Amino acid sequence: MNKKTVRYNDERSDDFAATGGRIKTRRVDGSFRYVHNNIFWKLGAAFLYRIIATPIAWAYCKIGFGIRIENKRAIRGIKTGYFLYVNHTQNVADAFIPSLVTFPKKCRIIVGPDAVSVPAVRFLVPMLGGIPLACDAEGRKHFHAAVDHFASVGDAICIYPEAHIWPYYNKIRDYPDGSFVYPLRNSLPAVPCTVTYRCRKLFKRLPPCITVKVGDPVYPDGTERKQLRDAVWSRMTADAAGSYEYVRYERNCE
């Protein structure tokens, strides 16, 4: 079967998300409320996350992609919060996969402002665990405080360090070490988590199935940000080896 070929220029900045920049991005500034203490808001969020979203996430990933999660035992013993680093290769499934990996621990996902820019869902995203990146200094202050708060109460925080979506990419892109400040600042483990693909035995024209490989937690004791990033990136790269190539990505010649 001929593979779709996608041409790219820069693996750190090119984005192939399905939205294609069509969403009018809302400005997330200092007025955005990240942490809610209202009991009714909390009950509503718990109901949406546990009763509605979790079964939908399982059904979507199991039926659509035959998802398997390997080595989940690596994180079962973590009693504290932790930071989950995942490669960004799906438009919809990437909103669901982290919660299946961390279950029963609640997972919160750092998302772009686009996630809270669609009027119909902007209020649901925070209830379902989305933490949108802020656009100004005051907003970033609140954003960092929220990340630290959720980690301190024992939640898992999912980060897509590649930042941009490359659908079905079967390797790990180069990514910066900026997001590794969070485990260092909170003295909490960073967990590599790699989405890989396997060819279907039947219905081979359908998109491939997904296998998620969870790596052993990397503790930041005595390490620098770049060292922590390199340890996580190396494990993800090793786990991505052998991932099925459904879409071929080729760099444009300079």
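The values are calculated or read from the model by the stated rules, or taken from the named source; none is laboratory data. None of the values given here were measured: they were computed from a predicted structure. When we count neighbours, we look across all protein chains shown, and the Cβ atoms used for this are built from the backbone with ideal geometry, even at glycine. With ligands, DNA and RNA removed, areas are computed over all heavy atoms of the protein, side chains included. Shrake-Rupley method; radii C 1.70, N 1.55, O 1.52, S 1.80 Å.
Quick notes
- The one condition in (1) open to solvent by less than 40 Å² (accessible area, probe 1.4 Å); (2) on the phi > 0 side of the Ramachandran plot that Val214 fails to fulfil: (2)
- Close Cβ contacts (under 7 Å, 6 or more residues apart or on different chains) running from residues in region 15-39 that are under 21 Å from Ala163 (Cα atoms) to residues that are open to solvent by 80 Å² or more (accessible area, probe 1.4 Å) and at pLDDT 90 or above comprise Asp29/Glu138.
- Criterion: touching a helix residue (DSSP H, G or I) at 6+ places or on another chain (Cβ under 9 Å) and of a type in the set (A, V, I, L, M) - qualifying residue of Ala18, Ala74, Ala59, Ala53: Ala53
- Any hit, region 29-40, residues being assigned to a helix (DSSP H, G or I), open to solvent by less than 50 Å² (accessible area, probe 1.4 Å) and not hydroxyl-bearing (Ser, Thr, Tyr): no
- Checking Ala57, Ala45 one by one, the residue that is aliphatic (A, V, I, L, M), open to solvent by less than 30 Å² (accessible area, probe 1.4 Å) and over 19 Å from the mean Cα position of the chain (by Cα) is Ala45 and no other.
- Tally, over region 148-160, of residues that are touching a Lys or Arg at 6+ places or on another chain (Cβ under 8 Å) and in contact (Cβ under 8 Å) with a residue 40 or more places away in the chain: 6
- Residues of region 66-85 that turn out to be closer than 26 Å to Val6 by Cβ and buried (at least 23 other Cβ atoms within 10 Å of the Cβ), as a count: 1
- Members of region 129-162 found to be surrounded by fewer than 18 Cβ atoms within 10 Å (Cβ to Cβ) and in contact with a helix residue (DSSP H, G or I) (Cβ under 8 Å, 6 or more places away or on another chain), listed by number: Leu133, Cys135, Asp148, Ser152
- Taken over region 66-75, the criterion of being over 23 Å from Phe180 (Cβ atoms) and not in a strand (DSSP E or B) is satisfied by Gly66, Ile67, Arg73.
- Within region 179-195, the set of residues being surrounded by fewer than 23 Cβ atoms within 10 Å (Cβ to Cβ) and closer than 10 Å to Leu84 by Cβ comprises just one member, Pro189.
- Residue count, region 109-128 (criterion: outside any loop (DSSP other than H, G, I, E, B), over 16 Å from Ser179 (Cβ atoms) and open to solvent by less than 60 Å² (accessible area, probe 1.4 Å)): 7
- Of the residues in region 76-89, not one is without any contact (Cβ under 8 Å) to a residue 40 or more places away in the chain, outside any strand (DSSP E or B) and among the aliphatic types (A, V, I, L, M).
- Residue satisfying condition, being small (Gly, Ala, Ser) and on the phi > 0 side of the Ramachandran plot, within set Gly66, Gly77: Gly66
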